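Working notes, beginning with the structure itself.
The values are calculated or read from the model by the stated rules, or taken from the named source; none is laboratory data. Being a predicted model, the structure only gives us computed values, none of them experimental. Reconstructed Cβ throughout: ideal geometry from the backbone, glycine too, with neighbour counts over all protein chains shown.
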Amino acid sequence: MTINDKMPRFKVFGSMVVSPRGQVVIPANARKELGIGSGDTLLACGTPNGEGLLLLKVDTVEQMLSVMSEQLAIVGKLVQDYRSGKSVKPETEE
């Protein structure tokens, strides 16, 4: 398996035109595949270089943050144990 096999792939659903009021319509195939429905809240995030816009479902971001928080707590405990002189054993996946 190469690094390219592990890289996330972006999917292009189509293009959108910004209306005079700044509105866009998310393509129907994107809404269907991503489970975006009327009334869903999306976060609008700018890309680091200001070249684009990323839309993320709030529910998905909350789930990602929850998982990240759990992982950070584990790392924090390992660091705390290391600094206190306790033996630190890495967890192994079975």
Original post:
So which of Leu56, Leu65 ends up being within 13 Å of the chain's Cα centre (by Cα) and closer than 18 Å to Val12 by Cβ?
Top reply: Leu56
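Yes or no, residue by residue, for (1) more than 30 Å from Gly14 (Cα to Cα); (2) at pLDDT 90 or above; (3) of a type in the set (Ser, Thr, Tyr); (4) under 22 Å from the mean Cα position of the chain (by Cα):
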| site | (1), (2), (3), (4) |
| --- | --- |
| Leu34 | no, yes, no, yes |
| Gly37 | no, yes, no, yes |
| Pro48 | no, no, no, yes |
| Glu70 | yes, yes, no, yes |
Original post:
Restricting attention to the range 3-32, and to residues there that are charged (D, E, K, R) and within 20 Å of the chain's Cα centre (by Cα), which single residue is nearest to Leu56 (Cα to Cα)?
Top reply: Arg31
